[in-house]
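Just so it is clear, none of the values below were taken in a lab; they were calculated from the coordinates. Predicted, not measured: the structure shown is a model, and the values here were computed from it. FYI the Cβ positions are ideal-geometry reconstructions off the backbone, even for glycines, and counts take in every protein chain you see.
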């Protein structure tokens with residue numbers, strides 16, 4: 001076999017799953033929110049979406065902290 005699964009307790013697997021859900025959730029929500037907002041130009045919207053896609057967790061956090069204030073809901 002190429003690799004072996006680590007022997008983790010149920011609590012550790014739950015923590016890993018919760019972290020993965022948080023990671024994906026922040027990334028997906030930031031992309032969704034950026035697509036439904038108006039930033040004044042298409043380039044600004046595209047830049048925020050690219051940041052959230054190419055730098056998944058930290059790009060999403062940067063959008064939620066800095067980018068949401070710049071756009072308005074359409």
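Overview of results
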{"read-out": "In degrees, nearest ten, helix 42-54 long axis to first principal axis of the chain (Cα)", "value": "10"}
{"read-out": "10 Å-binned pair-distance histogram of the chain (Cα, whole percent)", "value": "20, 39, 19, 14, 8, 1"}
{"read-out": "Packing-based ranking, highest mean first, of 16-28, 54-66 given that Cβ atoms within 10 Å are counted", "value": "54-66, 16-28"}
{"read-out": "Cα long-axis angle, helix 10-35 against the chain (0 to 90 degrees, to the nearest 10)", "value": "10"}
